[in-house]
Amino acid sequence: MHGELLKIRCTHCDSVLGWERDVDTQTPCPNCARSGGLRPHVVWFGETPFMMEAIYEALARCGLFLSIGTSGDVYPAAGFVSLVRDVGQAQAVEVNLEPSDGATLFHDAIYGQASDMVPRIVDQILAG
């Protein structure tokens with residue numbers, strides 16, 4: 001949704017490539033050889049996140065929606081819990097340090113550090 005820091009995107013030819021070196025305005029694109037068009041393959045504020053159609057399709061099919069470690073204030077992701085609840089089949093759980101502004105939209109809440117809570121949740125799911 002937000003991209004990957006270890007990839008670059010060329011604004012000239014739209015190629016996306018794995019990249020672990022520095023990049024500047026003089027770096028030529030390995031695909032089109034033009035300079036000045038390489039940028040990190042990430043979404044900046046004001047840009048549309050990647051793969052939104054696939055995300056909406058997955059939200060429509062999911063049975064469990066976990067919101068992990070977020071304020072829930074930035075859209076479109078902040079609206080995902082409402083989408084899964086509108087479909088009516090997903091259990092929505094907030095996993096966070098403290099309740100978010102949208103905490104009342106979730107069916108359940110688990111509060112604590114994600115590094116502690118997520119493994120416990122996974123163990124519970126796998127245990128059935």
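The values are calculated or read from the model by the stated rules, or taken from the named source; none is laboratory data. No experiment lies behind these values; they were computed from the predicted model shown. Heads up, the Cβs are rebuilt from the backbone with ideal geometry, glycines too, and the neighbour counts pull from every protein chain shown. Surface accessibility is based on the protein's heavy atoms, side chains included, excluding ligands, DNA and RNA. Shrake-Rupley method; radii C 1.70, N 1.55, O 1.52, S 1.80 Å.
Just a few scattered comments:
- When the P(r) is computed for the chain, the part past 23 Å accounts for 49% of the Cα-Cα pairs.
- Accessible area expressed per residue, the chain, with surrounding protein chains retained (probe 1.4 Å, Å²): 66 Å²
- Remark: region 118-128, residue by residue, has Karplus-estimated 3J(HN,Hα) of 4, x, 5, 5, 4, 4, 4, 5, 5, 6, x Hz, where x stands for each Gly or Pro and the curve is 6.51 cos²θ - 1.76 cosθ + 1.60 at θ = phi - 60°.
- Converting phi to 3J(HN,Hα) with the Karplus coefficients 6.51, -1.76 and 1.60 and the offset θ = phi - 60°, region 87-100 yields 5, x, 9, 9, 7, 9, 10, 8, 10, 7, 5, 8, x, 7 Hz in sequence order, with x at every glycine or proline.
- The distance from the alpha carbon centre of region 1-52 to that of region 94-117 is 34 Å, rounded to a whole number.
- Neighbours of LEU5 by Cβ distance under 13 Å: Lys/Arg scored +1, Asp/Glu scored -1, total +1.
- Under-5 Å amide H pairs with PHE65, H placed in peptide plane, nonlocal only: GLN91, ALA92, VAL93
- Within the chain, the cysteines lacking any other cysteine Cβ closer than 4.7 Å to their own Cβ are CYS62.
- Degrees, to the nearest 10: 52-61 long Cα axis against longest axis of the chain: 20 degrees
- Computed over protein heavy atoms with a 1.4 Å probe, the carbon and sulfur contribution to the accessible area of the chain reaches 53%.
- For region 33-112, the relative contact order comes to 25 percent (Cα pairs under 8 Å, sequence separation of at least 6).
- For TRP19, residues with placed amide H under 5 Å, excluding near neighbours: LYS7, ILE8
- Antiparallel bridges, percent of DSSP beta bridges restricted to the chain (to nearest 5): 50 percent
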